Structure formats: C-alpha cells, structure tokens
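Chemist: Quick one: this structure, given as structure tokens, is what I'll be asking you about.
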C-alpha cells in the first residue's frame, strides 16, 4: 500500500492464510481477473514438501563469500543449516522466510504485465514490487549468512527472468527501473564477535529494570506511576503522574538522559525537547527529522555500535548507525545515464527522479532530491 499510495488501481500481497495474493476492499470489491486466474493455480502449493537448498553446489564458495553455515543464534536457534524444509503442512507460512515467496510475487507481477493492463499504451504505468524475502531471511540468519547469499543469487536470477519477459512484452526501451531497499542490518552478533568486534546482545528489559531506581529518583515516584512505557530504545512518561509530583517532563527527561548516557552500552540519548528545538547536525539531525511530537518517545536511546537490543536469536536494524542505513539505489532504463555516482542518495530520491524521467510535474519534498547526475539531459 505504501508503494502504491492512495490512488493506486490496486495493491496485492501474499497471504499465508491462503497461500495466494489478496487485497483490500479499499481497492474494489473483487480481485482482477488476471489475479483470480493466478490464484487458481495455487501459487504456494507447488512448494509443499520442498527443501530450500543452495542454488550452487560449491559449498567452499559459499563459505568464502559468506561465512560458515551454522551459528547457534540463526534460524530461531533450531534451523541454522541447509537444507531448510518447508514441510507438507504450514508451508504457506514457512515460504515467507525463503526466497520462494519473492518468486510468487514476481510471478504475480508478470501475470499483471501479461494481462495487458500494463505497458500496453503510451500512458505510463507504475508497477511497484516489494520483495520481502531478503528482510525475513536477513532477520533470521543474518545479512552475511549463506542463506542471505543464496537468497540474493536466486533473486538476481529471478529478476533477470522478470526483465527478460518485460523486454518481450513491453520492450525495455520503454521501461525505467528503480531498485532500492528500506534499511540495512547489523551482522549477526556472534559472527562479529568471532571476528574480534566488540558486539553483544542486550536484553532491553534488563537494561530498563537496572535503570528503574534512577528513573524513579528523576521523576520523584514509582515507575508504575510516572512511566507509561520503557521498552526497546524508548521511554514514554506518564505526564499526569509527573505533574502530580510537581516534576516537569523536561527536567525528568534531562535527569534520566544523564543517567543513561553513563551506561557503557549507550552512545547517546535524545529527549523530545532536544529534538523539537532542532538545530542538530549529523546523527542528531536524523533523529530530528523523524520526530513527531504527538507520537514520538519522550526519550530515545542510541546504543553504541554493534549492540543488538532485539532478542536472543537473529538480528535486526533500526539505529542510525551506518550498517542499518546503507542501502543501494539502482536506476536503469529509459532516461538513465549508465555509471556509478558517489553523491549521497537514498530511497526517498527514487520517486522524484522517476517523476522527472516521466515528465511529471512533481514537488520535491524536504530532504529529497532529483538524482540529476544519473539522468539524460532534456536536449538528449
């Protein structure tokens, strides 16, 4: 839905409940004919009982370009080595954490193209595809696992097949392509530790429990009375509780921030008042840009690099550290100049850039830009 926006003709996604693609009544009362026909083939059923094995036979190559196959905190702690079985029951859900879920989505996208509803006339069509297997596999096995490597090999091959069909059905000379990602990820903590990096898993429940006496002191009351939530990286005050004790939120936040900054796992703490005031640079500016007064936490903790506060297995993201923020931005096709460009860019720049390629009159929102260095000049 985010890719399509409010005015999309349709938004469709894989559902583990049926092993098919579904939609919302927001987009109409019934699925389009091409999607009903696609679902009738049982897109998930062909994967029942199947194993996810390595695409290539050279295990040494996987070990050299990725890492050893098994770490105890991969795969939920129980499913850390190839092959990975989908099973005969429950495979509809298991598909989501394998490359096969993206295969189903790309097959559905091809069905949409072949239906004649896309690329059939001079009016531009937008086909936005979210390929989510990389996310699920990265969380479960880590971004440098053999599973992540194999997923990318399979995705590369399937994207090549997808583009070949686009060339046959539409003609790539009539297609502009943008490819990016929504985030990076922290490598598996145990892999980093084996490489000599000071990395650790952190129980945020224990972190906040240890901070409780200090929080109570700063807020002049028990945490149950002055704190609505303290979990993960965030703290929300109970402002009525603070007020009843004659303590301002600003003062309480400053006090707790000072205490938390002294913890060895903490790099920085941002208060709502700091972020609302603005004027920050570097990482502070990133936090300011994401601050929304009515929803954002009253304190946000930035843990030091390579601290994972997300659980006992797998890995995640969500920090301002480079490994969570670095993603590719790839553009190709009509109107794009081949080359590698080193200026700062992000996923938010893809839409305005494609808008220029299509000749659309679009406003450029704050903190986005048109990637003009990658575009053909109008005279060309």
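The values are calculated or read from the model by the stated rules, or taken from the named source; none is laboratory data. Please read all numbers here as calculations on a predicted model, not as lab measurements. Note that each Cβ is placed from the backbone with ideal geometry, even for glycine, and that neighbours are counted across all protein chains shown.
Chemist: Out of 107, 198, 182, I need the residue that is touching a residue at least 60 places away in the same chain (Cβ under 8 Å), closer than 20 Å to residue 4 by Cβ and exposed (fewer than 14 other Cβ atoms within 10 Å of the Cβ). Which one?
Modeler: 182
Chemist: Let me ask another. Just for segment 293-309: of the residues that are free of Cβ contacts under 8 Å to residues at least 40 places away in the same chain and within 20 Å of the chain's Cα centre (by Cα), which one is farthest from residue 139 (Cα to Cα)?
Modeler: 296
Chemist: For residue 71, indicate whether it is assigned by TED's automatic domain parsing to the domain that holds residue 154 and touching a residue at least 60 places away in the same chain (Cβ under 8 Å).
Modeler: yes
Chemist: Continuing with the same structure: Please specify each residue of segment 17-67 satisfying the condition of being in a helix (DSSP H, G or I) and free of Cβ contacts under 8 Å to residues at least 40 places away in the same chain.
Modeler: Correct list: 25, 26, 27, 36, 39, 40, 45, 46, 59, 60, 61, 64.
Chemist: Right, another one. Scanning for something closer than 30 Å to residue 322 by Cβ and touching a strand residue (DSSP E or B) at 6+ places or on another chain (Cβ under 9 Å), does segment 106-120 turn up at least one residue?
Modeler: no
Chemist: Could I ask something else about it? Have a look at 70, 93, 101 and point out the one that is in a helix (DSSP H, G or I) and out of contact with any strand residue (DSSP E or B) (no Cβ under 9 Å at 6 or more places or on another chain).
Modeler: 93
Matching residues to (1) closer than 26 Å to residue 187 by Cα; (2) touching a helix residue (DSSP H, G or I) at 6+ places or on another chain (Cβ under 9 Å); (3) in contact (Cβ under 8 Å) with a residue 12 or more places away in the chain; (4) not in a loop (DSSP other than H, G, I, E, B):
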residue	(1), (2), (3), (4)
312	yes, yes, yes, no
353	no, yes, yes, yes
365	no, yes, yes, no
368	no, yes, yes, no
